[in-house]
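One structure is given below, encoded as structure tokens.
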Amino acid sequence: MKNQEIAEIFYEIADILEIQGVDWKPNAYRKAAQNIESLSEDIVDVYKKGKLEDIPGVGENISRKIEEIIKTGKLKYLRKLKKQVPIELEKMMSIPAIGPRTAKLLFDKLKVKSIKDLKKAAKLHKIRKLKGMGEKTEREILEGIKTLEGSKGRFLLGHVLPATREIEEEIGRLPEVKQISLAGSVRRMKETVHDVDVLVSTDKPKKVIKFFVGMDDVKRVLAKGSTKASVKLSGGLQVDIRVVENDYFGSALQYFTGSKEHNIELRKIAIRKGFKLSEYGLFKGRKVIAGKKEVYVYKKLGLPFIEPELREDKGEIEAAASYKLPKLVKEKDVKGDLHVHTKWSDGSDRIEEVARAAKERGYKYLGISDHVSRVRIVHPLDKRRLLKQMKEIEKVNKKKLGITLLKGAEVDIDKNGKLILSNDVLKKLDFVIASIHSGFKSDVREITNRIVKAMENPFVNVIAHPTGRLMQKRKPYSVDFDKVFEAAKDNNVALEINSFPDRLDLNYVNARAAKEKGVKLIIGTDSHSKEHLGFMELGVGVARRGWCGKKDVLNCLDYGKLKKWLNK
Ligand code: DGT
Ligand code: CA
Ligand code: ZN
């Protein structure tokens, strides 16, 4: 998928132009990048159809640049800009305290070009002396570098899944391939992945390997043997393939799905039963007793099938042995999405467009929840515009699109735990999402109090992204979950599993704890364009890893029951 790659090039251009102090152009490039990134179609296909300029924000100039990237894999303009501003921009700006302007200041005054330079400057306390900076910024920069180093070499699941699925499909189309599956952390829906594992069964391993290393997106071949190979894609992601005989595809899939910890426990059970378990099969002496299918391996070990998302050695084997595994929620159980932004605040599509896309996904209802906020984002709603938006929602509902829209809002919680919209407006809405978008640095007690107080507002139904983390960027704020869970139950408020790729918040550990305490959950996508509705599978992945069933997830309810719950 070239979309992401091209979008990133334009983001980079935008940042460099901003550093150079160029007007409006940075925003134009950014808008184009955003739209390319959320395109549901492969941009190469759009190009072939001659329809690049149909993409919002893409005019003649940018379309010519896209063509150059598709044809040559490079962009001269970017290379020129990089020579003018020789800074490791992308990396530096992944640190929250650093935007384009700070990067420029650091470069101009301290010759900081890279993370390495940055670390040195911060450690020598040179940064705090710059105008507009201080000890606090310096500390934040050092913290940011630490987070960055900690996430080295790991990719966000949501960012790798599209390319990964494409590879699976492409290889799966080869007539020589008998079975194919993703394995490893991707199959377990782990929130970040180090590398992608693909397993194939075939009688023609050489052919499959040859095809694999020759795929379009492959930038470098790291290793190539007769039954396995590793490549690096243009975005830097490593993909490993293993080719096995069809007779032991099941045991190989079990083995390569992991986790390692789960496999170790499983092998112990095998040994206790006098068997031997490996990727080649489950053996009794020299006789294979299971291998073709994964489920047979578990069965012969006396266990029901264990879903990949549970295989983390977190009690799943014991639960399986006593037939107490939960029935996990599935994406198709989800009947609607309640966390969706539109053009009314910082989203990029109109209400009706998103509604149609949601209907297309098979949803019965869709909750519109644009920002009511005093910080951060581009044109948040205020009371007047929110009331206007509610009228438009009613209008779209009258069109009978086959999906019901709910009127909602995502309202900021202020530093005292109050919502920044008054109750007489809140009560007009079908539902209210409350979230913290400022004051992340408060201590546990303050944050917890803010959340609890917000939940005590009678009109609040959901707390969004409860820990505020942005993976690989911003640490979660500390929340006292015992208190939050109690308040959630007392006040009939749900906690969100936010599905946005860098959030996944609640994470799976907290989601499981919530479920065990009997707290209701909502899986929301936080969509800012209709394509983002597809992030639902990531949130469902978190819920599944958190042992949740459809009973735990409110947006698996049908419309009538959900509406009743929202009315408290
Ligand atoms: P990752 O790549 O770090 O995101 O996580 P995984 O789980 O995909 O790990 P990876 O790619 O190193 O290995 C894929 C699977 O292969 C792993 O989940 C279990 C299996 N595996 C790899 N090495 C070992 C091992 O030393 N012992 C056992 N039992 N299984 C292993
Ligand atoms: Ca892996
Ligand atoms: Zn949102």
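Those residues that are near ligand 1 (Cβ under 9 Å from one of its atoms), more than 20 Å from H194 (Cα to Cα) and in a loop (DSSP other than H, G, I, E, B), I need them from the stretch 226-285; list them, please.
Hit for the stretch 226-285 is E279, nothing else.
Quick check on the stretch 452-489: of everything there that is in contact with an Asp or Glu (Cβ under 6 Å, 6 or more places away or on another chain) and either in a loop (DSSP other than H, G, I, E, B) or modelled with pLDDT of 95 or more (or both), which residue is surrounded by the fewest Cβ atoms within 10 Å (Cβ to Cβ)?
Taking the candidates together, the pick is R469.
At negative phi and either in a loop (DSSP other than H, G, I, E, B) or not assigned by TED's automatic domain parsing to the domain that holds I351 (or both), is that true of K415?
yes
Can you pull out the residues in the stretch 148-183 that are within 16 Å of V542 (Cα to Cα) and touching a helix residue (DSSP H, G or I) at 6+ places or on another chain (Cβ under 6 Å)?
Residue satisfying the conditions is G158 alone.
Can you pull out every residue in the stretch 28-42 that is in a helix (DSSP H, G or I) and over 17 Å from the mean Cα position of the chain (by Cα)?
Passing the criteria: A28, Y29, R30, K31, A32, A33, N35, I36.
What is the residue count in the stretch 196-205 for residues that are acidic (D, E) and surrounded by fewer than 18 Cβ atoms within 10 Å (Cβ to Cβ)?
Count: 1.
Do we find that G236 is exposed (fewer than 15 other Cβ atoms within 10 Å of the Cβ), small (G, A, S), more than 20 Å from the chain's Cα centre (by Cα) and more than 16 Å from ligand 3 (Cβ to nearest atom) in this structure?
No; evaluated as a whole, the condition is false for this residue.
Residues to consider are D313, D346; find the one that is more than 11 Å from L533 (Cβ to Cβ), under 23 Å from the mean Cα position of the chain (by Cα), part of a loop (DSSP other than H, G, I, E, B) and not β-branched (V, I, T).
Residue meeting the stated conditions: D346.
Can you name every residue in the stretch 188-220 that is without any contact (Cβ under 8 Å) to a residue 12 or more places away in the chain and either within 11 Å of ligand 1 (Cβ to nearest atom) or not basic (K, R) (or both)?
G214, D216
Quick grid of which residues meet (1) closer than 30 Å to L538 by Cα; (2) over 25 Å from the mean Cα position of the chain (by Cα):
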residue: K268; (1), (2): no, yes
residue: K284; (1), (2): no, yes
residue: V297; (1), (2): yes, yes
residue: E331; (1), (2): yes, no
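Select from the stretch 506-565 the residues that are surrounded by fewer than 23 Cβ atoms within 10 Å (Cβ to Cβ), more than 19 Å from K364 (Cα to Cα) and under 15 Å from the mean Cα position of the chain (by Cα) and write down the one among them that is modelled with the lowest pLDDT.
The selected residue is H528.
Cβ-Cβ below 6 Å, separation at least six or inter-chain, first residue in the stretch 329-355 and within 16 Å of ligand 2 (Cβ to nearest atom), second of a type in the set (D, E, K, R): which pairs?
Qualifying pairs under 6 Å: none.
Consider only pairs whose beta carbons are under 8 Å apart and that are at least six residues apart or on different chains; among these, list those whose first residue lies in the stretch 241-256 and is touching a residue at least 12 places away in the same chain (Cβ under 8 Å) and whose second residue is among the aromatic types (F, W, Y) and away from ligand 2 (no atom under 16 Å from the Cβ).
Within 8 Å, the pairs are Y248/Y280; G250/Y296; S251/Y280; A252/Y280; Q254/Y298.
Is it fair to say L105 is in contact (Cβ under 8 Å) with a residue 12 or more places away in the chain, under 31 Å from the mean Cα position of the chain (by Cα) and either more than 25 Å from S529 (Cβ to Cβ) or assigned to a helix (DSSP H, G or I) (or both)?
No.
Before we move on, is N492 among the polar types (S, T, N, Q), closer than 21 Å to N567 by Cα, surrounded by fewer than 22 Cβ atoms within 10 Å (Cβ to Cβ) and more than 16 Å from ligand 1 (Cβ to nearest atom)?
yes
Taking the options L419, L405, L429, L401, name whichever one is in contact (Cβ under 8 Å) with a residue 12 or more places away in the chain and farther than 19 Å from T342 by Cβ.
L419
Say we look at the stretch 349-363 and pick out the residues that are of a type in the set (K, R) and assigned to a helix (DSSP H, G or I); which of these is nearest to A32 (Cα to Cα)?
R356
Of the residues E149, E143, E168, only one is farther than 21 Å from D502 by Cα, in a helix (DSSP H, G or I) and either free of Cβ contacts under 8 Å to residues at least 12 places away in the same chain or among the charged types (D, E, K, R) (or both); which?
Residue meeting the stated conditions: E168.
Checking the conditions here, which among V243, V231 is within 16 Å of ligand 2 (Cβ to nearest atom), β-branched (V, I, T) and under 28 Å from H159 (Cα atoms)?
None of the others qualify; the one that does is V231.
Can you name every residue in the stretch 171-190 that is assigned to a loop (DSSP other than H, G, I, E, B) and away from ligand 2 (no atom under 13 Å from the Cβ)?
Result: R173, L174, P175, E176.
Can you confirm whether E90 is surrounded by fewer than 19 Cβ atoms within 10 Å (Cβ to Cβ), in a helix (DSSP H, G or I) and not polar (S, T, N, Q)?
Judged against the criteria, E90 is a match.
The values are calculated or read from the model by the stated rules, or taken from the named source; none is laboratory data. Every value quoted in this text rests on a predicted model; they were computed, and no experiment measured them. Positions of Cβ are generated from backbone atoms using ideal geometry, with glycine treated the same way; all protein chains shown enter the neighbour counts.
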